[in-house]
Amino acid sequence: MRHGGCRPPPCGVVVHDTRPVATGASFKSYGAVSGSMTLETLEPDPEVDASAHDDEVLAALDGEYVYKVWGGDWCVDCQTQLPAFGAALAAAGVPEERIEGYPVTKGPDGKEGPGVEAYDVELIPTVVVETPDGEELARFVEAANVPIAAFLARELADVGATA
């Protein structure tokens, strides 16, 4: 199993937490089953310069979308990918109320946390992009040959081309 060596932190109570991030933006984080958990890896990487992002990628991310992000601060894939994605969302000017972080833990039967079953989340990070009325437009799951932001920008461009 890819994340077999990762140990999740203890679970906590369901908590709604809005945390400020390094860029002055923030995102909503929905706590897991019990205790308090956050998805700190979604905070923008302060080392990433906003001008380093491709303008087309940033423009594609800045639509009227809702970003739902499942991950775990204990997960190596999340630690390496989500800070850059958070920085891309901040650089694109995506408002905090359109970014929802869902912390995930590993349970005996797979991933556990808010929305995991409803959104069929099996691998993390998982990012679902929806319209404001809840229609899923794009989904990133665990890994791709490009960063999360570039992958979703391409998927959203495909959706726009077929709409």
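No lab work stands behind these numbers, since they all come straight from the coordinates. In this text the structure is predicted, and so the values were computed from the model without any measurement. Note that we place each Cβ from the backbone using ideal geometry, even for glycine, and neighbour counts take in every protein chain shown.
Residue by residue, what Karplus-based ³J(HN,Hα) values in Hz, rounded to whole numbers, does the stretch 118-131 have, using 6.51, -1.76 and 1.60 with θ = phi - 60° and x for Gly and Pro?
The phi angles translate into 4, 9, 6, 8, 10, 10, 10, x, 10, 10, 10, 10, 10, 6 Hz.
Considering the zone a paramagnetic label at Ala52 would reach in this model (a point 7 Å from Cα along the Cα-to-Cβ line), which residues of the stretch 119-160 have amide N under 19 Å from it?
Inside the label zone: 144-153.
Within 14 Å, Cβ to Cβ, of Gly93, how many net charges do the neighbouring residues add up to if Lys/Arg are +1 and Asp/Glu are -1?
Charge balance in the 14 Å sphere: -4.
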